[in-house]
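Values quoted throughout were computed directly from the atomic coordinates according to the rules given, and no laboratory measurement underlies them. Note that the structure is predicted; figures quoted are calculated from it, not measured. Please note: Cβ atoms are built from the backbone with ideal geometry, for glycine as well, and neighbour counts cover all protein chains shown.
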Amino acid sequence: MKHIAPLQAAGEAVVKVPTRRTLAKQQTRAKVLAAARRLFSEEGYEGATIRDIAAAAGMSTGAVFANFTDKSDLFREIMLADMVALGEAMREAADRAKGVDDALLKMFSAGYAFYKSQLPLARAAFSVGWTPEEGPQLRNSEPSQQLIEQLVDQLNAGVERGELGQEAEVKLRAQMLFEAYLSNYKQAIFEGWSLDALQARSRDQIRVLLAGARRG
Amino acid sequence: MATETEIPAEAGLGALEVAQPPPLVVETGVRQSQKEATRNRVIVAARDLFDAQGYQGTTIREIAKQAGVSVGSVFTTFASKGEILSQVMQDRLDGLYEELDRVMPHLRGSTADRLCTMFSIHFSFEAQRMKLFLAHIAAAYDWTLPAAATPFGKTQRLQDIIRECLVKGVVEGDVDPAVDHQEIIDLLMSAYAWTYRLAVWDGAGADTLTVVMDRQINLIAAGFAPR
């Protein structure tokens, strides 16, 4: 798929110094992505057109299409890059935690903090995420699966430490935690909930969803 | 994508409507029923199109064509595509909720059992129109959705039914009185939405959905049980 391209570019760079052409191409891509990020935030997914994005990036639509197949390709690339960064933020947050509840809560909070400054983009992502074509691509993407994997890891660590029982139904519970985490964006986006309010809500959700798995 | 044709029509037609002289009483009746007929045709056409090609993939122009009415007359009845979808769902759900209102008081068993039954009724009902329901969820995040529309998550009656279930559970002793009902409702709703997605993406049928949802309800039930 198209979005694997940066990785390949990075691999080539180890072997040989990038040519001026490659550099120029990378710069173009970066410029388009920055403009697209801004327009998706301002106009939503449907409202932002390739033509507007090209104009904002100061180039022709042809130049945009030379780098991205279509609008969904552009949007996906932005989303995937963000999810990778989000995964990093969550991992760091969980490393500082004590116990499974705290680790999950810190991961949730890291997520809300990450998107706090770009809620309109998050809103566009949710809208796109429910479409029959783009939804599965985003949800089944490697970075998205990695986020759930992190939740699985935390639950497994809880089982190992004896905080949770062996029968913890880790996979289903991780998925439900992830859905609960995502569902709170509705409050964040539409009702302007503060990070504190989101955190308080998350703490309760985590408690409820872990209750059946606790030992003793 | 779909939006280009929609916006300009709104303002102009609204103004036309106002500019007309007040009609006679008899004509009002005729006009009223014509408007009603148009509305119903638009609802039926929109329901089929949203279900076949999704919300984003459907334009107002297509809806008008399928309904056999002009784009302009669609806009005299509905302000936007989001509002049409909202109305389509509302009409459908009215039937479902009447059914549930009848059934719920007679259900026996634990709170979890009653919730399982309630959601399985939902799944068999929605199974006929899977994509339509997903469109409903997607529209909750739609840019252009008017404030009056009812996106998924704000369906008050479903939430009320769950709430009554929980209140009854408190009385019967299998729901912790200290538990925040709205939080449990939101957890159930997000589990419900996710399970639906499974259906459309993996092509699971109503039976599979019910099994997956039952597991989730029981997991949540462990969280609202008295300690």
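Assorted remarks:
- Based on DSSP H segments of at least four residues, each scored -39500 (n - 2.57), the protein assembly as shown has a per-residue ellipticity at 222 nm of -24500 deg cm²/dmol.
- Spacing of the modelled spin labels on A:Asp153 and B:Arg157, each 7 Å from Cα toward Cβ, amounts to 4.6 nm.
- For the residues of B:54-61, the average number of beta carbons from a partner chain within 10 Å of their own beta carbon is 3.
- Selected from A:Gln27, A:Thr61, A:Ala48, residue furthest toward positive end of dipole (the range A:20-63; charges at beta carbon): A:Gln27
- Length added when fully stretched, A:Glu191-A:Arg21, from 0.36 nm per residue minus Cα-Cα: 56.5 nm
- For A:Ser60 and B:Gln34, a Förster radius of 51 Å and the Cβ-Cβ distance give a FRET efficiency of 0.55, rounded to the nearest 0.05.
- Distance between the 7 Å Cα→Cβ label points at B:Ser110 and A:Ala34: 5.7 nm.
- Packing-based exposure ordering (other Cβ within 10 Å, fewest first) of A:Tyr185, A:Tyr45: A:Tyr185, A:Tyr45
- At R0 = 60 Å, FRET efficiency that the Cβ-Cβ distance of A:Glu88 and B:Gln66 yields, to 0.05: 0.80
- Over the protein assembly as shown, the alpha carbon radius of gyration divided by the compact-protein estimate 2.2 N^0.38 Å works out to 1.09.
- Rounded to the nearest 0.05, the FRET efficiency derived from the C-beta distance between A:Thr49 and A:Arg96 at R0 = 45 Å is 0.60.
- Residue-wise HN-Hα couplings along the range B:84-97, as the Karplus relation 6.51 cos²θ - 1.76 cosθ + 1.60 with θ = phi - 60° gives them from phi, are 4, 4, 4, 6, 4, 5, 4, 4, 5, 5, 3, x, 4, 6 Hz; Gly and Pro carry x.
- Fully extending the segment from A:Gln118 to A:Asp204 would add 28.5 nm, taking 0.36 nm per residue of separation and subtracting the current Cα-Cα distance.
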